[in-house]
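The block underneath contains the structure these notes are about, expressed in structure tokens.
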Amino acid sequence: QQHLSAHGVDVPPVLQSPERILSYSDLRAAMQASGMYRVFVKLACGSAASGVVAYQVNPLTGAEIAVTTVGMAVVKGRPIFYNEGRMQRYTRREEIKTLLDWLCAEGAQIERWMAKASYGSRVFDIRQLVAGGHAGHAIVRLSQTPITNLHLRNERMLPEKAGVDGYRLGLVQTAAQTAMAAFPNSWSAGIDVMLSGGDNPRAYVLDVNPFGDLLYHVQRNGLGTYEWEMDILRKEPCEHA
């Protein structure tokens, strides 16, 4: 996130704290101090939404909700954590504290939980493929929950089917290309981009996936993702000729 931000890419604001956030108590104190009551807590080294928690606190009542892929169990008196593969919802403080104590101690990226654009009753973000500097295939990921990964039984849809017009898709493509340019030694990636709602949307880069070109059943000019990438490579000048 720091690297992208330094290269002019809009990303969700990071929760600021004078000290490292290593526990539930640290997290709550930082949220209180910043007035940021809705956050994403993301395991620093994870993939496919493993160790991702959408966490919010009602500042008036103190009620808490954590929506996550993390399952928890107690084995021989000790808590264990695993990737459930489906969404879990925790509302009891004891469970949430156990979860976030572990996650923060492992190392976590904590950022503002921003409201995503919606289509019907579901929120969405977009996986935008960029290769060789070109924005290509894109897939909308629709979800009833804050976490949109497709393996969690969320729905995939082409942008035009989800009501993403040319202007908003252009915002996504520009954000994705700017993010890709921040990694000049990399040729392609799938960039996860969210659009804010309202009449003046903005695009924010959520993630950069080095193997993000695995997009099923989507074409661009009659080509699948790998065919499209090979076509770009074929047309590029050979540096070693």
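Considering only segment 118-165, state which residues are of a type in the set (A, V, I, L, M) and more than 18 Å from the chain's Cα centre (by Cα).
Selection gives Ala131, Ala135, Leu158, Ala162, Val164.
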Restricting attention to segment 185-223, and to residues there that are more than 11 Å from Gln128 (Cβ to Cβ) and among the polar types (S, T, N, Q), which single residue is surrounded by the fewest Cβ atoms within 10 Å (Cβ to Cβ)? Asn185
Return the pairs, sorted by first residue and then second, in which the second residue is buried (at least 16 other Cβ atoms within 10 Å of the Cβ) and outside any strand (DSSP E or B), the first residue lies in segment 70-98 and is of a type in the set (D, E, K, R), the beta carbons are less than 7 Å apart, and the residues are 6+ apart or on different chains. Arg86/Leu152; Lys97/Tyr24
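If you take just the strands (runs of 3 or more DSSP E) that sit entirely in segment 1-107, which of them hold at least 3 residues that are of a type in the set (Phe, Trp, Tyr) and farther than 30 Å from Ala181 by Cα?
Details: elements: 38-43, 52-57, 64-75, 78-90.
Correct list: 78-90.
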Restricting to segment 59-83, name every residue that is farther than 14 Å from Arg28 by Cα, open to solvent by less than 60 Å² (accessible area, probe 1.4 Å) and small (Gly, Ala, Ser). Gly71, Ala73
When you scan segment 7-48, how many residues do you find that are without any contact (Cβ under 8 Å) to a residue 60 or more places away in the chain, aliphatic (A, V, I, L, M) and open to solvent by 70 Å² or more (accessible area, probe 1.4 Å)? 1
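The values are calculated or read from the model by the stated rules, or taken from the named source; none is laboratory data. In this text the structure is predicted, and so the values were computed from the model without any measurement. Neighbour counts are summed over all protein chains in view; Cβ atoms, including those assigned to glycine, are modelled from backbone coordinates with ideal geometry. Ligands, DNA and RNA are excluded from the accessible area calculation, which covers all protein heavy atoms including side chains. Shrake-Rupley method; radii C 1.70, N 1.55, O 1.52, S 1.80 Å.
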